[in-house]
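One structure is given here, and the rest of the page talks about it.
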Ligand SMILES: [Zn+2]
């Protein structure tokens, strides 16, 4: 009944890293799982860059028209970004405005350029 397998894992805490995608032009060679989730798909990274430049945030409609993606695709990406706290959304009238959440993430550490 002895459970000893957990001990070996504790001595070697492996934090998985991911290779920086080619469309991210600078930053660390190896990204943490969260950052990779954010930039690991090119169109998602494009969305993040747009939000990074939009100080007042952007609505799904604005993001959709600027990326030429379909709205369900944009919404899907935004949900993933929200799941790792990379974006925050606020209500503005009947619209939902998305902003990049730089502080809540290790973007700075992984040196991801936005
Ligand atoms: Zn990171």
Quiz item: more than 16 Å from the ligand (Cβ to nearest atom) and in contact with a helix residue (DSSP H, G or I) (Cβ under 6 Å, 6 or more places away or on another chain) - does that describe any residue in the stretch 78-96?
Solution: no
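Looking only at the stretch 50-71, decide whether some residue is within 16 Å of the ligand (Cβ to nearest atom) and either within 17 Å of residue 100 (Cβ to Cβ) or touching a strand residue (DSSP E or B) at 6+ places or on another chain (Cβ under 8 Å) (or both).
The initial filter retains those residues of the stretch 50-71 that are within 16 Å of the ligand (Cβ to nearest atom), namely 52.
Filter again for either within 17 Å of residue 100 (Cβ to Cβ) or touching a strand residue (DSSP E or B) at 6+ places or on another chain (Cβ under 8 Å) (or both), leaving 52.
The answer is yes, given that some residue of the stretch 50-71 is within 16 Å of the ligand (Cβ to nearest atom) and either within 17 Å of residue 100 (Cβ to Cβ) or touching a strand residue (DSSP E or B) at 6+ places or on another chain (Cβ under 8 Å) (or both).
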Quiz item: When you scan the stretch 97-114, how many residues do you find that are surrounded by 13 or more Cβ atoms within 10 Å (Cβ to Cβ), over 20 Å from residue 23 (Cβ atoms) and either free of Cβ contacts under 8 Å to residues at least 24 places away in the same chain or within 12 Å of the ligand (Cβ to nearest atom) (or both)?
Solution: 1
Quiz item: What are the residues in the stretch 79-94 that are surrounded by 12 or more Cβ atoms within 10 Å (Cβ to Cβ), in contact with a strand residue (DSSP E or B) (Cβ under 9 Å, 6 or more places away or on another chain) and over 22 Å from residue 25 (Cα atoms), if any?
Solution: 82, 88, 89
Quiz item: In the stretch 31-78, which residues are loosely packed, with under 14 Cβ neighbours inside 10 Å, at pLDDT 95 or above and not in a helix (DSSP H, G or I)?
Solution: 70
Exercise. State the number of residues belonging to the stretch 1-30 that are more than 16 Å from the ligand (Cβ to nearest atom), under 30 Å from residue 72 (Cβ atoms) and modelled with pLDDT under 95.
Key: 1
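The values are calculated or read from the model by the stated rules, or taken from the named source; none is laboratory data. Remember, it's a predicted structure, so these values are computed and weren't measured experimentally. Counting neighbours? That spans all protein chains shown, and the Cβs are built from the backbone with ideal geometry, glycine included.
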